[in-house]
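Have a look at the structure below before the remarks.
The values are calculated or read from the model by the stated rules, or taken from the named source; none is laboratory data. Everything numeric in this text was worked out from a predicted model, so none of it was measured. Neighbour counts run over all protein chains shown; Cβ positions are idealised from the backbone, glycine included.
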Amino acid sequence: MVLLFYLTVLVSSSLLFWIQPLFGKLLLPMLGGAPSVWNTAMMLFQGLLLAGYAYAHILGRLNSLRREILAHVLILLVGLAFLPIAIDRIGAPPPGSNPIFWVVSLSLVSIGWPFFALSASAPLLQSWFGRSGHPSSSDPYFLYAASNVGSLTALLTFPLVLEPSVPLGIPVQLAQVH
């Protein structure tokens, strides 16, 4: 059981920190390599991470483990509707305008839900393990270490392994919404 919790946290954290640079790689060519585009995307990801943590905190107050798990599984399943990772073309920002709101809108529509759902997984799993009755449940913070290992692994492997081996079109596809 401990290994399952550890691996689940590790994988969800890895996916979180793989999605950020991948989505940035998809987004930047549309607006050029302006620092404001990357900064806006990172600001959005940090906001979604905070929202996911807040959701996990609120969900943890239900006092019903069964309802918490059911609610989060539903949130994760809805996130599957956004796969494969793609950019929904909702029209380009007007030339010469500030693209911040456009980048935020495009990012929310394209990747917001799955990122939000994944960001809540690690704190929820820590909470659930802490209430599991397992002999190690009084100190679930080893799962925090698993989260850090997953995040660091994704950040290090993205430029060295994933980015060179995953072209923009396969399996990541640019989608057009009409």
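Among the residues of the stretch 59-86, which ones are surrounded by 14 or more Cβ atoms within 10 Å (Cβ to Cβ), without any contact (Cβ under 8 Å) to a residue 40 or more places away in the chain and assigned to a helix (DSSP H, G or I)?
ALA71, GLY79 - these are the residues of the stretch 59-86 that are surrounded by 14 or more Cβ atoms within 10 Å (Cβ to Cβ), without any contact (Cβ under 8 Å) to a residue 40 or more places away in the chain and assigned to a helix (DSSP H, G or I).
Looking only at the stretch 108-116, decide whether some residue is in a helix (DSSP H, G or I), of a type in the set (A, V, I, L, M, F, W, C), without any contact (Cβ under 8 Å) to a residue 60 or more places away in the chain and farther than 21 Å from LEU50 by Cβ.
There is no residue in the stretch 108-116 that is in a helix (DSSP H, G or I), of a type in the set (A, V, I, L, M, F, W, C), without any contact (Cβ under 8 Å) to a residue 60 or more places away in the chain and farther than 21 Å from LEU50 by Cβ.
Select from the stretch 123-154 the residues that are over 30 Å from GLN20 (Cβ atoms) and either in a helix (DSSP H, G or I) or free of Cβ contacts under 8 Å to residues at least 60 places away in the same chain (or both) and list them in ascending order.
GLY133, PRO135, SER137, SER138
Take the residues of the stretch 60-91 that are farther than 18 Å from SER12 by Cα and in contact with a Leu (Cβ under 8 Å, 6 or more places away or on another chain): which is modelled with the highest pLDDT? Lay out the reasoning, then the answer.
As a first pass, look at the stretch 60-91 and keep what is farther than 18 Å from SER12 by Cα: 60-67, 86-91.
Narrowing the set further to residues that are in contact with a Leu (Cβ under 8 Å, 6 or more places away or on another chain) leaves 60, 86-90.
Details: GLY60: 86, ALA86: 75, ILE87: 75, ASP88: 62, ARG89: 60, ILE90: 60.
Step by step, filter the stretch 60-91, then rank; the result is GLY60.
Residues of the stretch 102-115 being of a type outside the set (S, T, N, Q) and either in contact with a Ser or Thr (Cβ under 9 Å, 6 or more places away or on another chain) or buried (at least 19 other Cβ atoms within 10 Å of the Cβ) (or both), which ones?
First, the residues of the stretch 102-115 that are of a type outside the set (S, T, N, Q): 102-104, 106, 108-109, 111-115.
Selection gives TRP102, VAL103, VAL104, LEU106, ILE111, GLY112, PRO114, PHE115.
Out of ALA56, ALA41, which single residue is in a helix (DSSP H, G or I), under 20 Å from the mean Cα position of the chain (by Cα) and closer than 20 Å to LEU10 by Cα?
On the way: ALA41 fails: closer than 20 Å to LEU10 by Cα.
Only one candidate qualifies: ALA56.
Which residue, of SER97, SER132, SER64, SER105, is over 19 Å from the mean Cα position of the chain (by Cα) and within 23 Å of PHE45 (Cβ to Cβ)?
Working: SER132 fails: within 23 Å of PHE45 (Cβ to Cβ); SER64 fails: within 23 Å of PHE45 (Cβ to Cβ); SER105 fails: over 19 Å from the mean Cα position of the chain (by Cα).
None of the others qualify; the one that does is SER97.
Within the stretch 33-44, is even one residue surrounded by fewer than 21 Cβ atoms within 10 Å (Cβ to Cβ), at pLDDT 90 or above and closer than 20 Å to ALA120 by Cα?
Scanning the stretch 33-44 turns up at least one residue that is surrounded by fewer than 21 Cβ atoms within 10 Å (Cβ to Cβ), at pLDDT 90 or above and closer than 20 Å to ALA120 by Cα.
Pairs needed: first member in the stretch 93-105, within 10 Å of VAL37 (Cα to Cα) and at pLDDT below 80; second member anywhere, outside any loop (DSSP other than H, G, I, E, B) and not β-branched (Val, Ile, Thr); C-beta distance under 7 Å; at least 6 residues apart or different chains.
That search, which allows pairs on different chains as well, returns PRO99/LEU31.
When you check GLY112 against the structure, is it modelled with pLDDT of 90 or more, within 15 Å of the chain's Cα centre (by Cα), among the small types (Gly, Ala, Ser) and closer than 20 Å to LEU28 by Cα, yes or no?
On the way: modelled with pLDDT of 90 or more: yes; within 15 Å of the chain's Cα centre (by Cα): yes; among the small types (Gly, Ala, Ser): yes; closer than 20 Å to LEU28 by Cα: yes.
So GLY112 fits the description; yes.
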